Amino acid sequence: MIYCVEDEKNIRELLVYTLEATGFSAKGMEDGAGLFQALKKEKPELILLDIMLPGEDGYGVLEKLKAEPETRNIPVILVTARQSEFDKVRGLDAGADDYVTKPFGMMELVSRVKAVLRRCRRPEDSQELVCGKLRISVGRHEVYFDQRKLELTRKEFELLQYLVENAGMVMSRNQILGYVWGYDFDGETRTVDVHVRALRQKLGEAGEMLETVRGVGYRIIERK
Ligand code: CA
């Protein structure tokens, strides 16, 4: 199930129609309020979220989604008529998985949807990564440090997972962008810094395992 939040009726209907024609189930809502109503009944696999909406705008809706443990892990693709760097960065920093700019081709949209779903699909529940006192349950999307459970957003989780999978190696901002966000957002590496900062804060004591390598990138090192 994919939810399409879009106030322009023609676009909303076209989105739902296209997604259904390519084998997804889809439902349209005209604003944030409609989305939160629908979320009470069913959690979708992905949300297409227009930014310019009546009432609360797409950024506000995104922040609410990311603030709730129940909806935090639902991937979101922002749909925007505006092209400025500011919007893009703001959306990604707020936890969006991708964005498309209007006008977009329907086939392009479908391939973006598929790419995000592929990236977000959960691996086997049993897979576990360990680095020092840090333990990551990949399938359950849970992180523990010294038995204490950490509450991470999905992007923070993927960032940490990537660094732990490559423990000891310095990963460049571009490599991190490519892995966590799927492709290079024109070298929009500030987004990586913002997420690293948030992740480090949540790691608390374990934050010192996450090293900044000046001018290169970041790495996780094992501390006893
Ligand atoms: Ca709109």
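The values are calculated or read from the model by the stated rules, or taken from the named source; none is laboratory data. Predicted, not measured: the structure shown is a model, and the values here were computed from it. Because the Cβ atoms are built from the backbone with ideal geometry, glycine has one as well, and the counts that use them run over all protein chains shown. Just the protein is used for accessible areas: all its heavy atoms, side chains included, with ligands, DNA and RNA removed. Shrake-Rupley method; radii C 1.70, N 1.55, O 1.52, S 1.80 Å.
Note the angle between two axes, namely the Cα long axis of helix 32-41 and the longest principal axis of the Cα atoms of the chain, as a number of degrees from 0 to 90, rounded to the nearest 10.
70 degrees
By how many degrees, 0 to 90 and rounded to 10, does the Cα axis of helix 106-120 deviate from the longest principal axis of the chain?
Between the helix axis and the principal axis of the chain, the angle is about 30 degrees.
Taking H placed 1.01 Å from N in the peptide plane, check which residues at least 5 places from residue 53 or on another chain put their amide H under 5 Å from its amide H.
Here the answer is 58, since their amide H atoms fall under 5 Å of that of residue 53.
Given R₀ = 45 Å, what would the calculated FRET efficiency be for residue 108 paired with residue 208, taking r from the Cβ atoms and rounding to 0.05? Numbers along the way, then the final one.
Values: r = 43 Å, r/R0 = 0.94.
Efficiency, from the Cβ-Cβ distance: 0.60.
As a quick test, which of the pairs 43/155; 40/102; 88/149; 88/202; 133/202 have an alpha carbon distance above 21 angstrom in this structure?
Working: 43/155 19 Å; 40/102 29 Å; 88/149 31 Å; 88/202 24 Å; 133/202 15 Å.
Violating the 21 Å Cα-Cα cut-off are 40/102; 88/149; 88/202.
Using only Cα atoms, locate the centre of segment 26-46 and the centre of segment 156-175, then give the distance between them in Å, rounded to an integer.
Taking the Cα centre of each part, segment 26-46 and segment 156-175 sit 33 Å apart.
Which residue fluctuates the most in the chain, going by a Gaussian network model with Cα springs under 10 Å, if the choices are 28, 60, 105?
105
Tell me the angle of helix 9-21 to the major Cα principal axis of the chain, expressed in degrees between 0 and 90 and rounded to the nearest ten.
Taking Cα atoms only, the helix is inclined about 70 degrees.
List the residues, sorted by chain then number, that are 5 or more residues from residue 26 or on another chain and whose placed amide H is less than 5 Å from its amide H.
Under 5 Å from the amide H of residue 26 lie the amide H atoms of 2, each far enough along the sequence or on another chain.
In whole Hz, with x marking every Gly and Pro, tabulate ³J(HN,Hα) for segment 155-171 from phi via Karplus 6.51 cos²θ - 1.76 cosθ + 1.60, θ = phi - 60°.
Once θ is set to phi - 60°, the couplings for segment 155-171 become 5, 5, 4, 5, 4, 5, 4, 4, 5, 5, 4, 10, 3, x, 9, 7, 9 Hz.
Tell me the label-point distance for the pair residue 137, residue 120, using the 7 Å Cα-to-Cβ offset, in nm and rounded to one decimal.
Distance between the two pseudo-spin positions: 2.1 nm.
Over the chain, average the accessible area per residue using a 1.4 Å probe and give it in Å², no decimals. Show your work: numbers first, answer last.
On the way: 10910 Å² over 224 residues.
I get 49 Å² per residue for the chain.
So, with a 1.4 angstrom probe, what is the percent of accessible area on segment 146-201 that is carbon and sulfur? Could you put the intermediate results ahead of the total?
On the way: 1100 of 2510 Å².
About 44 percent, which is the carbon plus sulfur part of the accessible surface.
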